[in-house]
Every structure is written in C-alpha cells, then in structure tokens.
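The values are calculated or read from the model by the stated rules, or taken from the named source; none is laboratory data. Just so you know, these numbers come straight off a predicted model, no measurement behind them. Using ideal geometry, Cβ is built from the backbone for each residue, glycine included, and neighbour counts are taken over all protein chains shown. Side chains are part of the model used for accessible areas, which takes the heavy atoms of the whole protein and leaves out ligands, DNA and RNA. Shrake-Rupley method; radii C 1.70, N 1.55, O 1.52, S 1.80 Å.
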Amino acid sequence: MPEFNAFQLIIILGLVNGLILLFSLSSLPKKFKRPAKILGWFILGYTAYVSNWTIFASLGYHYHVTPLWIPSLFFLPGLTYLFSKSITSSSPFIRSDIFFLVPGILDSVFQLGKWVWYLQNHEGYYFPMDDRTEFFIYEGIGLLFASFCIYKITRLIKKASLKRNDAFKFYRYAFFFLLFVLIRWMIMYLIDYFNPAILTFELQFTFWSVDLLFFLFLGYRSLVAPAKYVSQIPIEKNSDMSQEAQELIAVLEDEKLYLNPEFSRKHLGDRLQLSDVKISNIIGNQLDTTFYELVNEMRVREAKLLLNQGLSSTLTLEAIAQRAGFKSKTTFYKFFKNKLGMNPREYLKSQTSQSQ
C-alpha cells in the first residue's frame, strides 16, 4: 500500500467533506438551493481536482497503473461564473449558460477515452502531462476558458448595483477568493511549464490545504445561516437605465399588459414602436433577464396581491392564476415557487398562520 502523508490525509478528509456539503447544501429550501448547490458542486469539484494530483497520482505511481482521473478542473471556472450569476440575479439559468459547463463535459469525455485507450493498448503507468506539447495545448485551453470566465464574472459584478448587507460581505470575500484560485492556477501552470523545479509538491500542498480550509468554512457557514449567507444579494435600482428601458418597465407596470395571457414580445414592441430585436436587447442587456421571466415575475407579483386581498375565498387558485395573466396553473405554480420559495397553497397557509 502507498504511504500517505499528513497533507494527503487532509485532502481525503476534504473530499469526504465536499461530498457531505454538496448533499447538505442541495437539501436547503428552494429559495436558497440554487447558489447553495453550485457552491456545493464547486467545493466537491475542487477537492476532486486536488485529489487527482495527491491521491490518484500516488496510487498510480505505486501500482504502476493508469489512474482514472476525476475530471473537475475545467468545471471550476464555469461553476464560479454560475455561482456569481446565481447570487446577483433571481432569474433562472438560460440555455446559453450550459456553454460554461461544456469544457468540463468535454474534459470528462477526453479523460475517460484516454484512460480506456491506454489501458487497452499499453502496459504500466501513463501520466498524461509528460508530453510538453500536450500539456501546453491542454492547459492552454483551460487558461483561455478561465480568463474568459473571469472577464464575464467581472462584467456581471460590475453591472449589478448591489446592496451592502451580510450576504454581500460574505460573497465578496468568496468571489475574490474564487478569482484568486483561478489566477493562481494560471501562475502555477506557467511556472510548471517554464521552470517546473520551482513548483514543488510541498508548495502546492500548502496552497491546496489553505484552499480546502477556506471552502469548507464557506460551505459549513452557509449551512448554519442560509438565509443570511446563501440568499441572493438584493439588487438596487439601476440609475443608469436607459430611457427606453425605463419606459418599457413603466408601460408594463402602469398598463398591466402582462395580465393578458396571450401577451407577447411582439405586442410590447408594437406598443413601444420598437423592433423585436430591440426589445430583446433592452431586456437582456439592461435588465439582465428575458421577456418570459420579466412578464411572469410581474404576474407573480399580481397573483400575490390578489391572494393578499383574500380573493382565494371566492376564487380558485386556477382562476387567480388566469386573472394574473398566467396561461396555465402549472406555470403559475412553477414561477410562484421560484420567486417566493413556496407554492400558492403554502403561501396562503403562511399568511393565515401569521394573521393568527
């Protein structure tokens, strides 16, 4: 059996802790689940990445076999971006967000395919980073992707006007530490490529241990007070909003066009005398959401108002949904729970218990 040192034992405990945190954070109530789950995946992904170099490499060298690497390195920049987006926007992820997970998925396929091929065609241990050309291409793509994610994250945070509360302070430190990890990855890669003698395992172990302690502290603190730390950061009204964006919001709120279940982006464009593309650009770039999300958020607000007025005593929930502009009861329940963390029936029960 290979001999494990104290650093490797810390990594093993960190990997187990990462798995525990993923399941624990994923089980939090709905309104905390999205940022918490991403944080859990990041912690597990990071501990798995470190385990590649500390546990699986040791086993491979000792037994002279090819270890099955856990592909996690390329997931980290994308998870950092999705984590940042989840704490600054209440809108659900859109289809294009899957792009940030594609490098990790491709890396998974690449690592698995390489492992199977070398296992079938070669004897002994094969370390995929021995070839400097492959190392340069493989890590170089990762660095470019990480740089792109950092650019997107910086724009995302810069564009959001955030209220400074406990959650803001918590995520500010977490955000800068995540960026620090990505930037350090770049620096360590460059050192490893041009002067690998400087990058000793002892130096890397020290960095990894500090990282794990921070991430585990972050995860467990989130479990202790999710309402304080894992909730989304309130976003202030953007004073730099263009005249067109302000007019769009004003027309929707004042005329309540969203109460029509058949209301579409084309109807809004006709009302404002703007093209469909222009409407999409205003909502996407300035309001950081989609037409579908924006309209349904206003419908949820209307439904909540109707419920607070006590109309549930004379109308069914389906009738209230239709009056608020929802075309189906399923959509009504889905968006209501996404925005308020509970479905309409649960909301009514909570209001009743508060009044008593």
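Computed over protein heavy atoms with a 1.4 angstrom probe, the accessible surface ordering of Ile191, Ile279, largest first, is Ile191, Ile279. Each Lys or Arg adds one and each Asp or Glu takes one away; over the other residues whose Cβ falls under 12 Å from the Cβ of Ser264, this sums to +1.
Projecting the Cα atoms of Pro261, Thr314, Gly325 onto the dipole axis of region 236-356, where Lys and Arg carry +1 and Asp and Glu carry -1 at the beta carbon, places Thr314 farthest toward the positive end.
Just to verify a number: what accessible area does Trp117 come out at with the full protein assembly present, 1.4 Å probe, Å² rounded to tens? Accessible area, nearest 10 Å²: 130 Å². Taking packing as the residue-averaged number of other Cβ atoms within 10 angstrom, the listed peptides 317-329, 339-351, 39-51 run from highest to lowest as 39-51, 317-329, 339-351.
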